[in-house]
Amino acid sequence: MLTVQQVMVPEVITISPYATLREALSMMRSHRVKSLVVDRQHPHDAYGLLSYNELLRAIVVEEGDVDLLNVYDAAVKPAISVGEDLSVNQAAAMMSRFHLNRLVVVRGNDLIGLLTMNDILARLIDELD
């Protein structure tokens, strides 16, 4: 059985909820990623997620200002998270059911990775070879 830990990306780029959307866009470009995990504000808080979809909605659809809006204003929070030992089949089912492209992976309450639909499909393609 393939687990989330075996497929996830452990190098997650995080951003402060108080950063501007301009800073988020710059960070995404410099790290060549399509999403950022939004840091918790305190140990009992949830992680958030900021992807191209949320940026498109906040900046283009709602005509928001990249210098006035904070990450917190646009991010999905709480982000749906899963444990590292969950099977990839279950994670994929959850992603499909809730129309998600990404899941935050946690160990306890600590961020340890990010699982994307692209990661799952790439792994499946690799296994076909």
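Distant-in-sequence amide contacts of V105, defined by a placed amide H-H separation under 5 Å and a gap of 5 or more residues or a different chain, comprise V82, I112, G113, L114, L115. Dipole size of the chain about its Cα centre, with +1 on Lys/Arg Cβ and -1 on Asp/Glu Cβ: approximately 100 debye, rounded to the nearest 20.
Once you place label points 7 Å from the Cα toward the Cβ at S26 and E63, how far apart are they in nm? If labels sit at S26 and E63, their model points lie 2.6 nm apart.
Computed 3J(HN,Hα) for segment 85-101, one whole-Hz value per residue from the Karplus formula 6.51 cos²θ - 1.76 cosθ + 1.60 where θ = phi - 60°, is 8, 5, 5, 4, 4, 5, 5, 5, 4, 5, 4, 5, 5, 9, 6, 10, 9, glycine and proline marked x. Calculated mean residue ellipticity at 222 nm for the chain: -9000 deg cm²/dmol, from DSSP H runs with n ≥ 4 weighted as -39500 (n - 2.57), summed, divided by the residue count and rounded to 500. Kirkwood radius and radius of gyration were both taken over the C-alpha atoms of segment 1-43, and their ratio Rg/Rh is 1.08.
Rounding to the nearest 10 and keeping the result within 0 to 90°, find how far the Cα-based axis of helix 21-31 lies from the longest principal axis of the chain. Around 40 degrees separate the two axes. Here the relative contact order of the chain, from alpha carbon pairs under 8 Å that lie six or more residues apart, stands at 31 percent. Calculation over all alpha carbon pairs of segment 23-79 in 5 angstrom steps from 0 returns a P(r) of 4, 20, 29, 25, 15, 6, 1 percent. Rounded to two decimal places and with Rh computed the Kirkwood way over Cα pairs, what is Rg over Rh for segment 56-129? Rg divided by Rh gives 1.08. Relative to the longest principal axis of the Cα atoms of the chain, the long axis of helix 117-128 lies at roughly 30 degrees.
Which is farthest toward the positive dipole end of the chain among S26, S16, L50, measuring Cα position about the Cα centre, with Cβ charges +1 (Lys, Arg) and -1 (Asp, Glu)? Result: L50. To the nearest 10, the accessible area of M28 is 0 Å² with a 1.4 Å probe. Out of every Cα-Cα pair that the chain contains, those further apart than 25 angstrom amount to 26 percent.
The values are calculated or read from the model by the stated rules, or taken from the named source; none is laboratory data. Fair warning: this is a prediction, and the values are worked out from it, not measured in the lab. Cβ atoms come from the backbone with ideal geometry, glycine included; neighbour counts cover every protein chain shown. Accessible surface is based on the protein model in full, side chains and every heavy atom, while ligands, DNA and RNA are left aside. Shrake-Rupley method; radii C 1.70, N 1.55, O 1.52, S 1.80 Å.
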